[in-house]
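As structure tokens, the structure follows; a few thoughts come after it.
The values are calculated or read from the model by the stated rules, or taken from the named source; none is laboratory data. None of the values given here were measured: they were computed from a predicted structure. Quick reminder, even Gly has a Cβ in these numbers, built from the backbone with ideal geometry, and neighbours come from all protein chains shown.
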């Protein structure tokens, strides 16, 4: 074999290896989620499930404290949200919150060591507001969180700041000539699958009220849906984010015969519908209310507060922590355990109200849909 042929063979092998490196390595397996022939299947990689399971392990269960005895507001000073808990329950939830949010810094991450009643640390003010938000989610957004609910650990997982938060993108400067403004395009970002889509699909869909349904109901424009191409790109970006955040593909919620049809969609689509509206609610009414509380180093490039999206809670799992119940044993995570002082001394949240109904009924009469793999045990055996 001549040198030229050897060199060509080596180059061909390198090129082939480079191309194959972008492909997902086997093994993979699928779970059918709908009728045969409709492409309603979820495809899973064992390695991905193992990685997701590692960060979706629930914390050790706490031994519930006694509800008897004096109330926390009678024993401790300046208790504005959890004052109706017993002193024992209050102490227990403070210990748990420390483990969930500030395991390294301890109590002094939120409290002044010399005076725990002092509100001078911004972290204490923020944590109080986050407690109210958690209670609100568990009480008024059961259409999304059901009875499983959420706690501080759902988002924080032992970190001071949740790993998955987002800020508004810095405004792209107008370039001279005919190039114009990129509007966030062709700047690959994780949240849109490293694609060329606008790298901030959240400001309009998870903070603003931009309509997410962009599929026309007619073959030709009729003026009833003046959606622009950019709105469609935002929708695609959001869908890619949701798919990655939950570790699923499009058919987890949609039927491939008609993505727009509610009648053909899975029940999970209705859950996602409520989740989008819950996220908008929380970003606007709870996190947005902390605009004057966070210090400059906690704000985004445009000076906005951190906000949540699907990945904040889900972190690669179709249900956060694979649906583990971490609320039971923590009565402070449920609504209805605050003193009268809370309403006067903390920012007001939205008035409790029923979440909006979906625009059309969910799928009726479909065959039972198998659940996605809940643990990586089967993956480890593959």
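The single condition among (1) surrounded by fewer than 17 Cβ atoms within 10 Å (Cβ to Cβ); (2) touching a helix residue (DSSP H, G or I) at 6+ places or on another chain (Cβ under 7 Å); (3) under 19 Å from residue 275 (Cα atoms) that residue 211 does not meet is (2).
Checking the structure you have, find out if any residue of segment 303-315 is touching a helix residue (DSSP H, G or I) at 6+ places or on another chain (Cβ under 6 Å), more than 30 Å from residue 193 (Cβ to Cβ), at pLDDT 85 or above and crowded, with 21+ Cβ neighbours inside 10 Å. Scanning segment 303-315 turns up no residue that is touching a helix residue (DSSP H, G or I) at 6+ places or on another chain (Cβ under 6 Å), more than 30 Å from residue 193 (Cβ to Cβ), at pLDDT 85 or above and crowded, with 21+ Cβ neighbours inside 10 Å. For segment 199-217, the set of residues classified as modelled with pLDDT of 75 or more and over 19 Å from the mean Cα position of the chain (by Cα) consists of 211, 213, 214, 215, listed by residue number.
Checking each residue in segment 90-106 for being part of a helix (DSSP H, G or I) and within 28 Å of the chain's Cα centre (by Cα) picks out 90, 92, 93, 94, 95, 96, 97, 98, 99, 100, 101, 106. Are any residues in segment 31-60 assigned to a helix (DSSP H, G or I) and touching a residue at least 40 places away in the same chain (Cβ under 8 Å), and if so, which ones? Within segment 31-60, 46, 47, 48, 49, 50, 51, 52, 53 meet the criteria.
Applying the set (1) within 29 Å of residue 274 (Cβ to Cβ); (2) touching a residue at least 24 places away in the same chain (Cβ under 8 Å); (3) more than 15 Å from the chain's Cα centre (by Cα) to residue 119 leaves exactly one unmet item: (1). Restricting to segment 46-72, name every residue that is in contact with a helix residue (DSSP H, G or I) (Cβ under 8 Å, 6 or more places away or on another chain) and surrounded by 15 or more Cβ atoms within 10 Å (Cβ to Cβ). 46, 47, 49, 53, 56, 58, 59, 62, 65, 71, 72, listed by residue number.
Annotation: residue 78 fulfils all but one of (1) under 17 Å from residue 131 (Cβ atoms); (2) free of Cβ contacts under 8 Å to residues at least 60 places away in the same chain; (3) within 29 Å of the chain's Cα centre (by Cα); (4) not in a helix (DSSP H, G or I); the unmet one is (3). Being in a helix (DSSP H, G or I) and modelled with pLDDT of 95 or more holds for only one residue in 275, 237, and it is 275. Determine whether residue 238 is crowded, with 21+ Cβ neighbours inside 10 Å and on the phi < 0 side of the Ramachandran plot. Considered against the rule, which asks whether it is crowded, with 21+ Cβ neighbours inside 10 Å and on the phi < 0 side of the Ramachandran plot, residue 238 comes out as yes. Of the helices (runs of 4 or more DSSP H) that lie entirely inside segment 107-176, those containing 3 or more residues that are surrounded by fewer than 20 Cβ atoms within 10 Å (Cβ to Cβ) and modelled with pLDDT of 95 or more span 122-140.
The set of residues from segment 87-106 being touching a helix residue (DSSP H, G or I) at 6+ places or on another chain (Cβ under 7 Å) and crowded, with 17+ Cβ neighbours inside 10 Å comprises 87, 89, 90, 93, 97, 98, 100, 101, 102.
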